[in-house]
Amino acid sequence: MNQFQYMRVTNPKAAVAAVSKDNTTMFLAGGTNLIDLMKRGVEAPEKLVDITRIPLNTIEKTATGLRIGALAKNTAVAEHELVVKNFPLLSMALNAGASPQLRNMATIGGNMMQRTRCSYFYDTALPCNKREPGSGCGAIGGYNRMHAIFGTSTKCIAVHPSDMCIALVALDATVNVSGPKGDRRIPFADFHRLPGDTPQKDNMLQPGELIMSVDLPMNGFAGNSHYLKVRDRASYAFALVSVGVGLKMSGNTIQDVRLAMGGVAHKPWRLTEAEKFLKGKPATEATFKQAAELAMKGAKGHGENDFKLTMAPNSIVEALKTAAKTA
Ligand SMILES: Cc1cc2nc3c(=O)[nH]c(=O)nc-3n(C[C@H](O)[C@H](O)[C@H](O)COP(=O)(O)OP(=O)(O)OC[C@H]3O[C@@H](n4cnc5c(N)ncnc54)[C@H](O)[C@@H]3O)c2cc1C
Ligand code: SF4
């Protein structure tokens, strides 16, 4: 590992000021992703700004819903009574991620900012446009079993690895950030990017911007929510495909629905067409299959990940059945 300086800050202003000075300084939260990347030489910051002493770990009610501090730990959020009661989808998605030890360290902001798990990205001997723009994409035509089937580009076919983010995009979250130019709010659906010609950029944060918190609007999905994660091992494995569902039911009719998929794109993948189709329909397997077919429009495999073209629609149907309690 390269030598680096370490500093602690206790307020957002100091954190933003320290990281805005140059592009070789990075925020350090739980360290569960950044330190791994530094050990492998993928990231080489000259200075780390430890933000864990900033009091941004509260989970509190707001006039419209819930605000979760960016430094709240994954475990604390997953187990918080207001989250369990009102947003069980978020609780389920968090608990499906990593291991208990990792969830005790990992923060909400860090989870959003974690980098892809593409093996070419982690191996500095191999080509990767995300790690080294212009070097090529090893996964296209290479080992791509974990890779994307939606929204890919000729430069990158990686997926965003987070489970939590699938729940947040389904639940219409908003991200509050603070930066050198002031504060702003970013709808969660716009926070992460597709790879396009600049796969090195994962999200819409500007240099020096600090994630402060995430807002969740109250909704009526708590009674019929489900997070389905299909993976190679029962724990400690990233999603091959995951589906987050929230349904608002009136008898057997779907009044409203939120649906998103993970493991399939460079960003959390919201299924808006399928949502539109499902509204007002009866909660039957036939309806769910039609919704899944709609959701798969435009999907494309890259060889080793072709199985996702079958696994993804089957997972959508399964998750909808479980959420509707018709399984
Ligand atoms: C073995 C293993 C298995 C895992 N399995 C899963 C899994 O199944 N599902 C899943 O979702 N995740 C999984 N993870 C990833 C884990 O959830 C992330 O590593 C973790 O959430 C990152 O949070 P952190 O606080 O440790 O971030 P850090 O490692 O401290 O930081 C990550 C990045 O976020 C930036 N950052 C942190 N906080 C902020 C902020 N407030 N504002 C702006 N930038 C910020 C940092 O600068 C850095 O670039 C796994 C990790 C490991 C090591
Ligand atoms: S898929 Fe993206 S992250 Fe993976 S090798 Fe290609 S450019 Fe790099």
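Considering only residues in the range 115-126 that are surrounded by 16 or more Cβ atoms within 10 Å (Cβ to Cβ) and away from ligand 1 (no atom under 16 Å from the Cβ), the one that is nearest to the chain's Cα centre (by Cα) turns out to be Y120. Screening K181, K248, K276 for residues that are over 14 Å from the mean Cα position of the chain (by Cα) and within 25 Å of L56 (Cα to Cα) leaves exactly one candidate, K181. In the set (1) closer than 19 Å to F27 by Cα; (2) away from ligand 2 (no atom under 16 Å from the Cβ), the condition left unmet by S225 is number (1).
Kindly establish whether V169 is more than 11 Å from ligand 2 (Cβ to nearest atom) and under 27 Å from T310 (Cβ atoms). Against the criterion (more than 11 Å from ligand 2 (Cβ to nearest atom) and under 27 Å from T310 (Cβ atoms)), V169 qualifies. Within the range 16-45, residues that are over 23 Å from D123 (Cβ atoms) and touching a residue at least 12 places away in the same chain (Cβ under 8 Å) sit with their Cβ atoms under 7 Å from residues that are in a strand (DSSP E or B) and near ligand 1 (Cβ under 6 Å from one of its atoms), at 6+ positions apart or across chains, in these pairs: V16/L210; V19/M26; V19/F27; F27/L210; A29/T107; G30/T107. Among the residues here, T116 does not qualify as more than 12 Å from ligand 2 (Cβ to nearest atom), among the β-branched types (V, I, T) and under 25 Å from E209 (Cβ atoms).
Taken over the range 170-196, the criterion of being assigned to a loop (DSSP other than H, G, I, E, B) and in contact with a Leu (Cβ under 6 Å, 6 or more places away or on another chain) is satisfied by L171, A173. Of all residues in the range 186-196, at least one satisfies being within 16 Å of ligand 2 (Cβ to nearest atom), of a type in the set (K, R) and either within 20 Å of A260 (Cα to Cα) or not assigned by TED's automatic domain parsing to the domain that holds M296 (or both). Residue pairs whose Cβ atoms lie under 7 Å apart, sitting 6 or more positions apart in sequence or on different chains, and linking a residue in the range 163-180 that is touching a residue at least 40 places away in the same chain (Cβ under 8 Å) to a partner that is among the aromatic types (F, W, Y) and part of a helix (DSSP H, G or I), are L168/F188; V169/F188; A173/F188; T174/F188; V175/F188.
If we only count strands (runs of 3 or more DSSP E) wholly inside the range 6-116, which ones have 1 or more residues that are under 26 Å from L216 (Cβ atoms)?
25-28, 59-61, 65-69
The values are calculated or read from the model by the stated rules, or taken from the named source; none is laboratory data. Since we're looking at a predicted model, the values are computed, not measured. Because the Cβ atoms are built from the backbone with ideal geometry, glycine has one as well, and the counts that use them run over all protein chains shown.
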